[in-house]
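As structure tokens, the structure follows; a few thoughts come after it.
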Amino acid sequence: MDKLNLVYEGKAKKVYSTEDKSYFIMEFKDDATAFNGQKKGKIRDKGIVNNRISAFLFELLEKNGIKTHFVKLLSEREMLVKAVRILPLEVIVRNIAAGSLAKKLGLNEGEKLQRPVLELCYKNDKLQDPMINNFHAMALGIATQEQLKFIEETSFKINKILQAFFMQKGIILVDFKLEYGTFGDEILLADEISPDTCRLWDAGTGEKLDKDRFRRDLGKVEEAYQEVLKRLIEK
Ligand code: UDP
């Protein structure tokens, strides 16, 4: 299937229409941004690595009964996905305090939370993606109560699957962000799951293997992304 028109360009990906209106082609770029676009850069071959990591994790989730937009890998940087309509929500799941949550609740980064936390943010660059609750999401017409319940349950299921899987690979899943889209009557997991959208810490050393290396100028950014891919695919 070939790319037709660019339908969306985000910070890390481009989405193209195809001849079949049920499918999009998603292309992963090397561009990286942080702090609502204030920090910009490139991470060499990030697009290639994130395409493969996302494909791998979407397949893992599908095997575990989670419906995703992923269809198949097309090339180094491209995957074929179902043409969902993305809900303007960032769904964040957290197991360990880090980043904005640690700051907000006065916790030390690395403190284990007594239960996983789910947060919703309204995807809106102008407003800098404010955190919202279910009532705001319904008031804005983003999703119904039923859809929000499904998203919540699915996100916690995904957390269990990914947490257990990463642990086998010696990686702690600290937190991550999900996006969902509607496809007819269905809600599918969409976007990507990668070191751009997860906090991943080495279980032995605590070393960060994710975008915080870029955000916080910790160095060895490319190496960290490659390391995650290597651990995922090794038997
Ligand atoms: N996250 C993301 N995109 C965003 C905001 C957050 O992928 O626009 C991910 C981030 O990588 C982390 C989790 O969501 O794994 C929680 O992020 P947090 O709110 O702590 O973000 P911070 O403000 O610290 O970057």
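Laid out as a table, the results:
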quantity	calculated
Residue within region 43-60 that is at pLDDT 95 or above and within 11 Å of the ligand (Cβ to nearest atom) present	no
Long-range neighbours under 6 Å by Cβ, at least six apart or interchain, first residue at positive phi within region 118-129, second within 11 Å of the ligand (Cβ to nearest atom) and polar (S, T, N, Q)	Gln128/Asn36
Check on Gln163, of a type in the set (S, T, N, Q), out of contact with any Ser or Thr (no Cβ under 9 Å at 6 or more places or on another chain), surrounded by 14 or more Cβ atoms within 10 Å (Cβ to Cβ) and within 22 Å of Asp202 (Cα to Cα)	yes
Output for region 158-181, where each listed residue is touching a residue at least 40 places away in the same chain (Cβ under 8 Å) and of a type in the set (A, V, I, L, M)	Ile158, Ile161, Leu162, Ile171, Ile172, Leu173, Val174, Leu178
Unique match (being within 16 Å of the chain's Cα centre (by Cα), more than 16 Å from the ligand (Cβ to nearest atom) and among the hydrophobic types (A, V, I, L, M, F, W, C)) among Met26, Met79	Met79
Within region 88-121, considering residues that are closer than 27 Å to Ala190 by Cβ and acidic (Asp, Glu), the one surrounded by the fewest Cβ atoms within 10 Å (Cβ to Cβ)	Glu119
Every pair of residues 6+ apart whose Cβ atoms lie under 7 Å, when the first sits in region 3-24 and is modelled with pLDDT of 95 or more while the second is among the polar types (S, T, N, Q) and in a strand (DSSP E or B)	Leu4/Ser17; Asn5/Ser17; Val7/Ser17; Phe24/Ser17
Scan of region 82-122 for residues that are away from the ligand (no atom under 11 Å from the Cβ), assigned to a loop (DSSP other than H, G, I, E, B) and not β-branched (Val, Ile, Thr), ordered by number	Ala83, Leu87, Pro88, Gly106, Leu107, Asn108, Gly110, Glu111
Identity of the residue in region 123-151, within 16 Å of the ligand (Cβ to nearest atom) and among the charged types (D, E, K, R), that ends up surrounded by the fewest Cβ atoms within 10 Å (Cβ to Cβ)	Lys126
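Every residue, every condition in (1) hydrophobic (A, V, I, L, M, F, W, C); (2) free of Cβ contacts under 8 Å to residues at least 24 places away in the same chain; (3) within 14 Å of the ligand (Cβ to nearest atom), yes or no:
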| site | (1), (2), (3) |
| --- | --- |
| Phe156 | yes, no, no |
| Phe183 | yes, no, no |
| Thr197 | no, yes, yes |
| Glu207 | no, yes, no |
| Phe214 | yes, no, yes |
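Per-residue answers, yes or no, for (1) at pLDDT below 95; (2) of a type outside the set (Val, Ile, Thr); (3) more than 16 Å from the chain's Cα centre (by Cα); (4) under 30 Å from Asp30 (Cβ atoms):
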| position | (1), (2), (3), (4) |
| --- | --- |
| Phe70 | no, yes, no, yes |
| Pro88 | no, yes, no, yes |
| Ile92 | no, no, no, yes |
| Tyr122 | no, yes, no, yes |
| Glu146 | no, yes, yes, no |
| Lys157 | no, yes, no, no |
| Ile161 | no, no, no, yes |
| Lys169 | no, yes, yes, yes |
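The values are calculated or read from the model by the stated rules, or taken from the named source; none is laboratory data. Computed from a prediction, not measured in an experiment: that's the story for all the values here. With ideal geometry, Cβ positions are generated from the backbone for all residues, glycine too; neighbour counts draw on all protein chains shown.
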